[in-house]
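Enquirer: What follows is a single structure, and I will ask about it in a moment.
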Amino acid sequence: MTAPETLIGDVPGVGRPAARALAVQGLTTLAQLDGRDWAELAQLHGVGPAAGRRLQARLEEHGAGMLNPPAPEKREDRVTKGATGKVAKDIKTAATDVDPAEYVAGLDARRSREGARLLEIFGEATGERPTMWGASMIGYGEVHYRYATGREGDTFQIGFSPRKAELALYGIQGFPRSDELLERLGKNRRGAGCVWVRKLEDIDEDVLAELVAHCWENGPAPEGERG
């Protein structure tokens with residue numbers, strides 16, 4: 001395959017300054033960039049790495065490319081406080097109007113007692129009102145996440161789910177004192193997205209309250225306030 005005769009200025013995301021600077025060097029089409037050394041082109045005023053990445057991506061679609069191309073943009077998972085409404089179409093879990101207290105009251109006797117106690121612990125630690133998310137998760141606060149892949153959505157900041165087999169505790173990992181407090185918490189096992197507890201009596205409720213408060217206070221900042 002060969003690079004097309006597409007004009008550099010017609011490549012989406014490549015600004016006029018970059019197109020003009022390359023044109024001065026006699027480079028006006030993608031085909032003319034094939035085999036050129038990006039390290040040299042990057043020295044031109046107005047030609048930045050963002051334009052270079054977009055041009056290289058288009059060249060690679062045709063089996064071509066520049067030498068020493070700019071490094072791919074490093075993207076990281078990002079979580080910010082507050083919902084945005086931007087949610088991938090296939091994500092179905094969302095906040096509902098179901099009353100968390102009524103939901104908990106309808107569970108079996110033990111889970112109902114544990115759920116009611118967790119409502120107290122999480123409510124006191126966060127100072128927030130609970131919201132049902134999906135069929136069985138109870139969350140406090142809202143955050144927006146965007147993964148490095150570009151996938152994004154809204155969810156709760158911290159919460160729990162009184163499931164039949166185990167209690168799931170969300171949003172309590174990855175903070176400065178999470179590991180220390182989880183070690184003191186009692187019997188638990190850590191999953192990728194939550195911490196599992198078989199029954200409430202297996203853990204120290206005071207430590208749980210301290211853990212929830214710590215993670216809530218150290219949670220994500222609003223968009224624009226992150227360092």
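Where a number appears in this text, it was derived from the coordinates with a stated rule and is not lab data. Quick caveat: nothing in here was measured; it's all calculated off a predicted structure. Counting neighbours? That spans all protein chains shown, and the Cβs are built from the backbone with ideal geometry, glycine included.
Enquirer: Which of Thr28, Ala209, Thr131 sits closest to the plus end of the dipole of the chain, meaning its Cα is farthest towards the positive end, when Lys and Arg get +1 and Asp and Glu get -1 on the C-beta?
Expert: Toward the positive end, the furthest listed residue is Thr28.
Enquirer: Now, a different point. Where does the chain land at 222 nm, in deg cm²/dmol rounded to the nearest 500, when only DSSP H runs of n ≥ 4 count, each adding -39500 (n - 2.57), divided by all residues?
Expert: Taking each H run of at least 4 residues, the total per residue is -9000 deg cm²/dmol.
Enquirer: By count of other Cβ within 10 Å, fewest leading, how are His144, His45 ordered?
Expert: The fewest-first ordering by Cβ neighbours comes to His45, His144.
Enquirer: Let me ask something additional. Hey, got the dipole for the chain? About the Cα centre, +1 on K and R Cβ, -1 on D and E Cβ, debye to the nearest 20?
Expert: Around 500 debye, computed over the chain.
Enquirer: Moving on to the next point. What is the fewest-to-most order of Ser112, Ser178 by other Cβ atoms lying within 10 Å of their Cβ?
Expert: By the 10 Å Cβ count, ascending: Ser112, Ser178.
Enquirer: With a point put 7 Å past each Cα toward its Cβ, work out how far Trp196 is from Ala165 in nm, to one decimal.
Expert: Result for the modelled spin labels: 0.6 nm.
Enquirer: Using a 10 angstrom cutoff on alpha carbons, build the Gaussian network for the chain and name the most mobile of Ala39, Ala135, Ala101.
Expert: Ala39
Enquirer: Would you calculate the volume per residue, in Å³, of the smallest convex hull containing every Cα atom of segment 85-227?
Expert: In segment 85-227, the Cα hull volume divided by residue count equals 121 Å³.
Enquirer: To continue, here is another question. Which FRET efficiency value, to the nearest 0.05, is calculated for Val207 and Ala95 with the Förster distance at 41 angstrom and r the Cβ-Cβ distance?
Expert: Efficiency for this residue pair is about 0.90.
Enquirer: Hey, another quick one. State to the nearest 20 debye the size of the charge dipole of segment 8-60 about its Cα centre, where the only charges are +1 on K and R beta carbons and -1 on D and E beta carbons.
Expert: 200 debye
Enquirer: At a 10 Å Cβ-Cβ cut-off, how would you order Cys194, Cys215, fewest neighbours first?
Expert: Cys194, Cys215
Enquirer: In addition: Taking the chain as a Gaussian network, where each spring joins two C-alpha atoms under 10 Å apart, which residue of Gly106, Gly115, Gly15 fluctuates the most?
Expert: Gly15
Enquirer: Toward the positive end of the charge dipole of the chain, about the Cα centre and with charges on Cβ (Lys, Arg +1; Asp, Glu -1), which of Val98, Gly52, Ile121 goes farthest?
Expert: Of Val98, Gly52, Ile121, it is Gly52.
Enquirer: If one puts a single equal scatterer on every Cα of segment 8-60 and applies the Debye formula without solvent, what log₁₀ I(q)/I(0) results at q = 0.18, 0.26, 0.29, 0.31 Å⁻¹?
Expert: The Debye formula, applied to the Cα set alone, gives -0.45, -1.07, -1.42, -1.70.
Enquirer: Compute the relative contact order of segment 8-60 as a whole-number percentage, counting only Cα pairs closer than 8 Å that sit 6 or more residues apart in sequence.
Expert: Contact order relative to length: 47 percent.
Enquirer: Once the Cβ-Cβ distance between Arg110 and Lys86 is put in as r, and R0 is 30 Å, what FRET efficiency do you end up with, to the nearest 0.05?
Expert: Between Arg110 and Lys86 the formula returns 0.15.
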